[in-house]
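The values are calculated or read from the model by the stated rules, or taken from the named source; none is laboratory data. Note that the structure is a prediction, hence the values are computed from the model and not measured. Here Cβ is always computed from backbone atoms with ideal geometry, including for glycine, and neighbour counts include all displayed protein chains. Surface areas here come from the heavy atoms of the whole protein model, side chains and all, with no ligands, DNA or RNA. Shrake-Rupley method; radii C 1.70, N 1.55, O 1.52, S 1.80 Å.
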Amino acid sequence: GGRWVEVGLAHNDEACIGWGLQQLAWGFAQMKEDGSFACGDPFHSASFLVESAARSLLLLRGSKYEKTFQQRIDLLQPQLLTCARWLASPVNQKAAEKQRMYTHRRFLLGCALEQTAVLHKDEALLRTAVNFVSDGLSLQREDGAFPEKGGHDSSYHAVALIYLQRFLFLTQDKELRARCEHAADRGVVWLRSRIDAQGIVSVEGNTRTGREQEVGRSGALKKVNLPEVATSLFLHAYRRDNQESAEVARKVLTHR
């Protein structure tokens, strides 16, 4: 849903934006009164929904389409807040701690809660978001990699970079932003070291993708998510005006 909203905004396509919002609304329609979900992996799944919805609403509120979709935005915002508060509630403390082996999920949670906090001016959510991101920063290895299941993974490392960079775009804490900038820059250096001159991403030593280690929810073996690798590099290119990262990202997409 969030990606449809982004694409619609980028291409001035109201139908595309509307379809994205319809998907997000369907997701929240499955939510229970307390903000939880009756599914196999509710905590992690909800974090994706909250991040996608919050990002979509922030983008819409900063666009020329805000008034066009005002009614749908107003319906989604309270549902988003309910779900975000459930994610941050003590009832999920064990679930959050269990996920700590996946560094990208610290940044996913931090980004989701920060974006929702900005929309709703919710200081409690913002504090929790900062805690998750700060913990994620503490996990970064000396070589710049963000660990996944005790090792490195070139695919999930890119996902971590995406959410970390989205977080730092919004944070008003100058010291925290500087820490995030430094960590993200180190992470990009590590990721680019895994990509050859043709844009092929190495899976050597990966703990989760590209070597038949894990099966995704579709039942297929997990491979390196090349669009996400490229997105993480494009964000760095935009943030640092770094054309080398943009060029590497284009090569990665060429070899999808």
Practice item. State whether the residues of the range 209-220 include one that is touching a residue at least 12 places away in the same chain (Cβ under 8 Å) and on the phi < 0 side of the Ramachandran plot. Key: yes
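Just give me the residues in the range 60-69 being closer than 19 Å to Trp26 by Cβ and either over 23 Å from the mean Cα position of the chain (by Cα) or open to solvent by 10 Å² or more (accessible area, probe 1.4 Å) (or both), in sequence order. Show your work before the answer.
First, pick out the residues of the range 60-69 that are closer than 19 Å to Trp26 by Cβ: 60, 69.
Across the range 60-69, the qualifying residue is only Phe69.
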Review point. Which condition breaks for Thr231 when tested against (1) within 28 Å of Ser134 (Cα to Cα); (2) not small (Gly, Ala, Ser); (3) not in a helix (DSSP H, G or I)?
Key: (3)
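Every residue, every condition in (1) among the polar types (S, T, N, Q); (2) modelled with pLDDT under 95; (3) open to solvent by less than 60 Å² (accessible area, probe 1.4 Å); (4) over 25 Å from Val159 (Cα atoms), yes or no:
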| position | (1), (2), (3), (4) |
| --- | --- |
| Gly1 | no, no, yes, no |
| Glu33 | no, no, no, yes |
| Ala54 | no, no, yes, no |
| Gln71 | yes, no, no, yes |
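Somewhere in the range 186-193, is a residue of a type in the set (Phe, Trp, Tyr), under 17 Å from Tyr238 (Cβ atoms) and buried (at least 16 other Cβ atoms within 10 Å of the Cβ)?
So in the range 186-193, the residues of a type in the set (Phe, Trp, Tyr) come out as 190.
Now drop any that are not under 17 Å from Tyr238 (Cβ atoms), which leaves none.
No, the range 186-193 contains no residue that is of a type in the set (Phe, Trp, Tyr), under 17 Å from Tyr238 (Cβ atoms) and buried (at least 16 other Cβ atoms within 10 Å of the Cβ).
Tell me which residues, restricted to the range 216-256, are of a type in the set (Ser, Thr, Tyr) and within 21 Å of the chain's Cα centre (by Cα).
So the first thing to find is which residues in the range 216-256 are of a type in the set (Ser, Thr, Tyr), and the list is 218, 231-232, 238, 245, 254.
Once the filter is applied, which keeps residues that are of a type in the set (Ser, Thr, Tyr) and within 21 Å of the chain's Cα centre (by Cα), the range 216-256 yields Ser218, Thr231, Ser232, Tyr238, Ser245.
Can you pull out the helices (runs of 4 or more DSSP H) entirely within the range 17-115 that have at least 3 residues that are among the hydroxyl-bearing types (Ser, Thr, Tyr) and closer than 30 Å to Gly150 by Cα? Break it down stepwise before answering.
On the way: elements: 42-61, 70-88, 93-98.
By residue number, 42-61.
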Point to revise | Selection within the range 103-119 - open to solvent by less than 20 Å² (accessible area, probe 1.4 Å) and among the hydrophobic types (A, V, I, L, M, F, W, C) | key: Phe107, Leu108, Leu109, Cys111, Ala112, Leu113, Ala117
Practice item. Could you run through the range 120-148 and say how many residues are basic (Lys, Arg) and either surrounded by 14 or more Cβ atoms within 10 Å (Cβ to Cβ) or over 30 Å from Thr82 (Cβ atoms) (or both)? Key: 1
